[in-house]
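What follows is a set of notes on a single structure, which appears directly below.
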């Protein structure tokens, strides 16, 4: 190619490069804006579920905000209970967390039929949730068994199975509604049975026998 021809094509090449750079910058800006929107949406969703406002789903009122909002009772005469951590422990890389929230109705499905379990009215104290999670990744651990025993002054006041549960707000956990006989200091004993399932190799040789943890917690009924 002659020198004159090279000089003639150089401005065109420069214009094409400028156009490509401009287009890439615009696309990158659009992608960045889309990512920011997704992050904001996730944060908003986290904030909206963090208050555990379950009134629209179960009629049980808000777990953490309900007690402060009205100070009354939710439909069914159940008083809202602020979310409360009763105790935490770690067993062979399994994080065990016991929490209390407002007693709620729930459905038990046995594979063919559904059974509605409703809190026993105003006498319900709390919904006991036991969360089993990987201590390193926080991934929920399913397929285990959990039995809860609550005592006060050496007397058993609650001794029942924790149902394996799924929840839009709390994710997989083990739960049941509990009635406590008033204010005081209680002992919660959880018997964790090993998860019965196939396992990836990182969970080999752990959680092979039942394990018990015990927490002491104060309780004061909602006024």
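Nothing in this text is a laboratory measurement; each read-out follows from the coordinates by a stated rule. Please read these numbers as outputs of a predicted model, since none were measured by experiment. Note: ideal-geometry Cβ built from the backbone for every residue, glycine included; neighbour counts use all protein chains shown.
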Which distance in nm do the two modelled labels at residue 209 and residue 84 give, with both placed 7 Å along the Cα-to-Cβ direction? 3.4 nm
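Any chance you could run the full-extension gain for residue 196 through residue 95? It's 0.36 nm times the residue separation minus the Cα-Cα distance, nm to one decimal.
Computed gain between residue 196 and residue 95 is 34.6 nm.
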Rounded, prolate or oblate, given the Cα gyration tensor of the stretch 84-155, with a/c below 1.5 counting as rounded? oblate
If each residue of separation counts as 0.36 nm, what is the full-extension length gain between residue 117 and residue 222 once their alpha-carbon separation is subtracted? 35.6 nm
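Using per-residue counts of other Cβ atoms within 10 Å, averaged over each peptide, order 191-202, 106-117 from highest down.
Top of the packing list down: 191-202, 106-117.
With the Cα gyration tensor of the stretch 82-219 giving a ≥ b ≥ c as the square roots of its eigenvalues, does the rule (a/c under 1.5 for rounded; else a/b larger than b/c for prolate; else oblate) give rounded, prolate or oblate? Intermediate results must be reported in sequence, preceding the final value.
On the way: a/c = 1.92, a/b = 1.31, b/c = 1.46.
Oblate is the answer for the stretch 82-219, as a/c is 1.5 or above yet b/c matches or exceeds a/b.
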